[in-house]
Amino acid sequence: MKTFLIAEKDRQRIARFVDVFVSTTASVAVGVPDDMRVGVANSGGWATWKPVSSRISEPQLEALEAQIHMAFPPLFKALLLDRCLLMTDFVVRLPRTPSDAPLRELRRSLRLVEDDSYFSTHGYLPFGDDSNDAGPVCFDTTRRLPDGDCPIVVVDHERIGEPGYAGTVEWPSFAALIDEIEEELKAYHEGRLA
């Protein structure tokens, strides 16, 4: 899919990240869509999967941004537009994008903006979850970087009601998060991490 809103450097960066992810992890999941499945699922429903071209379009992302009145960072858009992926549980749980419902998990995260004024008040755009189940992982859209990227804030769902609580900035940008995930994938694959 040709992407006009995404800079070539962002498309290349995400393509490299996805290539590392696919080449260094076991690609098995439950409920794999037919076009992503390799072979037959076992009796537990687990099957090997392969990434396929994204089913998400730029107009779909633009409509989603208009609905929530916030824009995703360009590098995150590049991820959504690259390939359909499963088993995206890293230091954060990025939204899985199965070919039969590629925006389902992201829409679930975005419902927080509509359901809880905390997120819109702070300019937080939820896009995933903390891997330790602390709560949602969000783009801080009030502190955009010159390239459109945003700091990543983890919001502890048990502390949202505390006066003055604004979550914790865990990464200075989505690019920094992707860099960390990629380095951990490589290190684990090379035996540098147990």
Worksheet item: Counting just the residues of the stretch 130-146 that are modelled with pLDDT of 95 or more and under 29 Å from Leu86 (Cβ atoms), which one comes out surrounded by the fewest Cβ atoms within 10 Å (Cβ to Cβ)?
Response: Asp140
Worksheet item: Within the stretch 52-65, is even one residue assigned to a loop (DSSP other than H, G, I, E, B) and open to solvent by 20 Å² or more (accessible area, probe 1.4 Å)?
Response: yes
Practice prompt. Residue by residue through the stretch 66-83, note down the ones that are open to solvent by 10 Å² or more (accessible area, probe 1.4 Å) and either on the phi > 0 side of the Ramachandran plot or in a loop (DSSP other than H, G, I, E, B) (or both).
Written response: His69, Met70, Ala71
Worksheet item: Give me the pairs: first residue in the stretch 122-137 and more than 20 Å from Pro73 (Cα to Cα), second residue part of a strand (DSSP E or B), beta-carbon distance under 8 Å, and six or more apart or on different chains, which are they?
Response: Ser131/Asp89; Ser131/Val92; Ser131/Arg93; Ala134/Val154; Gly135/Asp129; Gly135/Val154
Worksheet item: Phe127 is checked against (1) open to solvent by less than 60 Å² (accessible area, probe 1.4 Å); (2) outside any strand (DSSP E or B); (3) at pLDDT 95 or above and fails just one. What number does that condition carry?
Response: (2)
Worksheet item: Do you know which residues across the stretch 142-194 are in contact with a His (Cβ under 9 Å, 6 or more places away or on another chain) and of a type in the set (S, T, N, Q)?
Response: Thr142
Worksheet item: Given the conditions (1) open to solvent by 20 Å² or more (accessible area, probe 1.4 Å); (2) in contact with a Phe, Trp or Tyr (Cβ under 7 Å, 6 or more places away or on another chain); (3) part of a loop (DSSP other than H, G, I, E, B), which single one is not true for Leu86?
Response: (1)
Worksheet item: Got a sec? Which of Leu185, Leu193, Leu177 is over 21 Å from Glu62 (Cα atoms), hydrophobic (A, V, I, L, M, F, W, C), in a helix (DSSP H, G or I) and modelled with pLDDT under 95?
Response: Leu185
Worksheet item: When both residues are 6+ apart or on different chains and their Cβ atoms are under 6 Å apart, which pairs have a first residue that lies in the stretch 155-167 and is free of Cβ contacts under 8 Å to residues at least 12 places away in the same chain, and a second that is open to solvent by 40 Å² or more (accessible area, probe 1.4 Å)?
Response: Tyr165/Arg159
Worksheet item: Among the numbered criteria (1) crowded, with 22+ Cβ neighbours inside 10 Å; (2) among the charged types (D, E, K, R); (3) out of contact with any strand residue (DSSP E or B) (no Cβ under 9 Å at 6 or more places or on another chain), which single criterion is violated by Asp116?
Response: (1)
Fill in: Number of the exception - Asp100 against (1) in a loop (DSSP other than H, G, I, E, B); (2) more than 30 Å from Ala187 (Cβ to Cβ); (3) at pLDDT below 95
(3)
Discussion item. Please verify whether Arg37 is surrounded by 15 or more Cβ atoms within 10 Å (Cβ to Cβ), charged (D, E, K, R) and more than 27 Å from Glu180 (Cα to Cα), treating the condition exactly as stated.
Written reply: yes
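The values are calculated or read from the model by the stated rules, or taken from the named source; none is laboratory data. All of these numbers come straight from a predicted model, not from anything done at the bench. Cβ sites come from the backbone with ideal geometry, for glycine too, and all protein chains shown count toward neighbours. For the accessible areas, the whole protein counts, side chains as well, though only heavy atoms, and no ligand, DNA or RNA atoms are used. Shrake-Rupley method; radii C 1.70, N 1.55, O 1.52, S 1.80 Å.
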